[in-house]
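A.B. asks: What follows is a single structure, and I will ask about it in a moment.
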Amino acid sequence: MITRENPARFAEIVGSVAETSPNEVDAIVWSAEAAYRRWSVTPIDERLALLTAGAEAIEDALGELSVLLSRETGKVLGECRGEIGFAVRYLRWVVTHATAAYADQTLDDELGLLIQQRKPYGVVAAITPWNAPVILSMLKIAPALAAGNAVVVKPSPLAPLTLDRIARLIGGPLRIVHGGAEAGAALVGHDLVRKVAFTGGVAGGRAVAALAGDRLTPSVLELGGNDPAVLLDDAPFDDAAMDRLVMATFASSGQVCTAAKRLYVPVARLGDFVDAYRAAADRVLVTGDPLADGVTMGPVISAAAQEAGAALRRGRFHDLGIFDADEKTGYFVRPALVVSPSTRDPLVTAEQFAPVAPVLGYTSESAVLASVNAGELGLGASVWSADEQRAVAFARRVEAGFCFVNTHNRTGMSLRAPFGGVKHSGWGREYAHEGLTEYAQTCVIHAPAGYRPAATSPAGNPM
Ligand code: NAD
């Protein structure tokens, strides 16, 4: 049994789910395979109807699901509503765009009629982390089901409860297994799994990629980030910008893949920046009960995360915002800004996933670009300047999957563009057109010259 406590009050048990044994994983994959055989020949309109009904069912339960997500993850209620609401929006976005994305493409020339099909893979294994379990699972489930695959999702044992409810609301050829690395490995290593979609840390990603590689199973990996936020020498430190930057750093207690995790400021402006940043934290950062009104930051996910986060508060640092929580009854970490740590400090070189952020002074644009591009992670980044031309020119040279200008990590933007990192932040893309086509493989029929399609395939395409 996996039992989940409330990170804000760890004496309170939120719920539990049965842990799936490796034998049960095998049976569930076989059942998903049987479902896939039927689902892949179901017309696409019927497949999309399942997603529409799922979106409605989730929306109807939004209030209750948001409270459950907040209680199992410690994220503030508004963020949980935002995450689940965004998952509903994404489901509907997939319904709108899937038919065109998976339609046949044809080429008719003197060699004959070429029909390029988008076919499902079979059973897709979706392995997801705890920090945004609903949206990160939906980014895999929705396009994979729309394309005609069956899906077996394995959420993190640290946040299995809300997704378990949501999987049941969607139904169809979607299955769920519960457990940690062992259940994940049994799933990824299963012979009937034809595609793996993983979101998580670099170590887990490496293990999953190795297993998938051994079986030559194609995989999508969305991994960790150590996003820099670079304030160029003309960046205004106005209240609105500073408020955005503080929340880009501390939303979800810094446990966001694309949080601003390293702040770079011209050395001559470091003192002014620290003052402006602390003032912004006083305005917008309130640590406390994630279900309470006005609270903008809750606890971290676990006792281990609390210990690791507290250990990062060293050297010259400032406590930030209003702290109204008990570190002895909940996994709270006091948010802090560490000023000028060593560039070799793990707080700078690795992903902290905690509410402790470093600010580093730099002396020239070329020096800061080298610092930003150092290391193996390249998920997101941001650049801040009064001169947007200059900011975009800098952004072009940043080694990251995406770079924001004068903001950082605005989720609403992600439906417009593919999301994913470079270097060890992963491969594959989610969201946008690329996020749909990841779950369909291209197969080609070479029909003879003069052939004309006479019927429609079960998927709704011409035959
Ligand atoms: P994690 O890698 O520990 O776990 C992710 C999932 O993989 C969990 O379901 C876990 O049980 C499973 N898993 C772990 N090891 C495994 C193994 N050897 N075999 C099979 N399954 C295994 O990550 P986490 O702590 O849950 O999440 C935090 C990490 O996720 C951070 O690094 C964060 O940056 C990253 N993340 C990335 C994105 C993105 O889109 N790039 C989004 C959110 C989080």
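The values are calculated or read from the model by the stated rules, or taken from the named source; none is laboratory data. Note that the structure is a prediction, hence the values are computed from the model and not measured. Using ideal geometry, Cβ is built from the backbone for each residue, glycine included, and neighbour counts are taken over all protein chains shown. Just so you know, the surface numbers come from the protein's heavy atoms only, side chains and all, with ligands and any DNA or RNA stripped out. Shrake-Rupley method; radii C 1.70, N 1.55, O 1.52, S 1.80 Å.
A.B. asks: Residue check: is Gly254 over 18 Å from the mean Cα position of the chain (by Cα) and either closer than 25 Å to Asn149 by Cβ or within 12 Å of the ligand (Cβ to nearest atom) (or both)?
C.D. replies: In short, no.
A.B. asks: Looking at the stretch 349-370 only, could you name the residues that are more than 16 Å from the ligand (Cβ to nearest atom), of a type in the set (Val, Ile, Thr) and farther than 23 Å from Val286 by Cβ? Full working, then the answer.
C.D. replies: Step one: filter the stretch 349-370 for residues more than 16 Å from the ligand (Cβ to nearest atom), giving 358-370.
Keeping just the survivors that are of a type in the set (Val, Ile, Thr) gives 359, 363, 368.
Selection gives Thr363, Val368.
A.B. asks: A further question follows. Would you be able to tell me the number of residues in the stretch 342-369 that are surrounded by fewer than 20 Cβ atoms within 10 Å (Cβ to Cβ), part of a loop (DSSP other than H, G, I, E, B) and not charged (D, E, K, R)?
C.D. replies: Going residue by residue through the stretch 342-369, those that are surrounded by fewer than 20 Cβ atoms within 10 Å (Cβ to Cβ) are 342-346, 349-350, 361, 363-367, 369.
Next, only the ones that are part of a loop (DSSP other than H, G, I, E, B) stay: 342-345, 350, 363-364.
Add one more test, that the residue is not charged (D, E, K, R), and what stays is 342-343, 350, 363-364.
Matching residues across the stretch 342-369 total 5.
A.B. asks: A follow-up question, please. In the stretch 370-405, what residues are out of contact with any strand residue (DSSP E or B) (no Cβ under 6 Å at 6 or more places or on another chain), surrounded by 15 or more Cβ atoms within 10 Å (Cβ to Cβ), assigned to a loop (DSSP other than H, G, I, E, B) and not hydroxyl-bearing (Ser, Thr, Tyr)?
C.D. replies: Within the stretch 370-405, Gly375, Leu379 meet the criteria.
A.B. asks: List the pairs whose first member sits in the stretch 122-133 and is more than 8 Å from Ala197 (Cβ to Cβ), whose second member is in a strand (DSSP E or B) and within 6 Å of the ligand (Cβ to nearest atom), and whose Cβ atoms are under 6 Å apart, counting only residues at least 6 apart or on separate chains?
C.D. replies: Thr128/Thr199; Pro129/Thr199
A.B. asks: If you don't mind, there's one more thing I want to ask. Across the stretch 411-446, what is the number of residues that are more than 15 Å from the ligand (Cβ to nearest atom) and either part of a helix (DSSP H, G or I) or under 25 Å from Met247 (Cβ atoms) (or both)?
C.D. replies: 5
A.B. asks: Is it the case that some residue within the stretch 319-337 is touching a helix residue (DSSP H, G or I) at 6+ places or on another chain (Cβ under 7 Å) and either among the basic types (Lys, Arg) or surrounded by fewer than 17 Cβ atoms within 10 Å (Cβ to Cβ) (or both)?
C.D. replies: Taking every residue of the stretch 319-337 in turn, none turns out to be touching a helix residue (DSSP H, G or I) at 6+ places or on another chain (Cβ under 7 Å) and either among the basic types (Lys, Arg) or surrounded by fewer than 17 Cβ atoms within 10 Å (Cβ to Cβ) (or both).
A.B. asks: Looking at Arg92 and the list (1) within 30 Å of Ser253 (Cα to Cα); (2) touching a Leu at 6+ places or on another chain (Cβ under 9 Å); (3) within 16 Å of the ligand (Cβ to nearest atom), which single condition is not satisfied?
C.D. replies: With (1) within 30 Å of Ser253 (Cα to Cα); (2) touching a Leu at 6+ places or on another chain (Cβ under 9 Å); (3) within 16 Å of the ligand (Cβ to nearest atom) applied to Arg92, the lone miss is (3).
A.B. asks: Could I ask something else about it? Search the stretch 73-105 for residues being touching a residue at least 40 places away in the same chain (Cβ under 8 Å) and in contact with a strand residue (DSSP E or B) (Cβ under 6 Å, 6 or more places away or on another chain), and hand back the single one that is farthest from His433 (Cα to Cα).
C.D. replies: By that ranking, first place goes to Asp104.
A.B. asks: Still on this structure, please answer the following. Identify the residue in the stretch 257-292 that is closer than 19 Å to Arg313 by Cα and β-branched (Val, Ile, Thr) and, among all such residues, is most open to solvent (accessible area, probe 1.4 Å).
C.D. replies: Val286
A.B. asks: Looking at (1) under 15 Å from the mean Cα position of the chain (by Cα); (2) of a type in the set (Phe, Trp, Tyr); (3) modelled with pLDDT of 90 or more, which is the one condition that is false for Phe394?
C.D. replies: Exception for Phe394: condition (1).
A.B. asks: Filter the strands (runs of 3 or more DSSP E) completely within the stretch 142-225 down to those with at least 2 residues that are within 10 Å of the ligand (Cβ to nearest atom).
C.D. replies: 150-154, 193-199, 219-222
A.B. asks: Tell me, yes or no, whether the stretch 262-284 has at least one residue that is on the phi > 0 side of the Ramachandran plot and assigned by TED's automatic domain parsing to the domain that holds Ala400.
C.D. replies: no
A.B. asks: Got a sec? Which of Glu83, Glu64 is crowded, with 19+ Cβ neighbours inside 10 Å and closer than 13 Å to Ile166 by Cβ?
C.D. replies: Every option except Glu83 fails the conditions.
A.B. asks: Applying the selection to the stretch 15-52, what residues are open to solvent by less than 20 Å² (accessible area, probe 1.4 Å) and hydrophobic (A, V, I, L, M, F, W, C)?
C.D. replies: Within the stretch 15-52, Val17, Val25, Val29, Ala32, Ala35, Ile44, Leu48, Leu51 qualify.
A.B. asks: Looking only at the stretch 214-227, which residues are more than 23 Å from Lys75 (Cα to Cα) and buried (at least 20 other Cβ atoms within 10 Å of the Cβ)?
C.D. replies: So in the stretch 214-227, the residues more than 23 Å from Lys75 (Cα to Cα) come out as 214-221.
Correct list: Thr217, Ser219, Val220, Leu221.
A.B. asks: Among the residues of the stretch 112-130, what is the count of those that are more than 15 Å from the ligand (Cβ to nearest atom) and either in contact with a helix residue (DSSP H, G or I) (Cβ under 9 Å, 6 or more places away or on another chain) or not in a strand (DSSP E or B) (or both)?
C.D. replies: Here the count works out to 5.
A.B. asks: Return yes when Asp243 is open to solvent by 10 Å² or more (accessible area, probe 1.4 Å) and either in a loop (DSSP other than H, G, I, E, B) or modelled with pLDDT under 95 (or both) and no when it is not.
C.D. replies: Taking the combined requirement at face value, the residue does not satisfy it.
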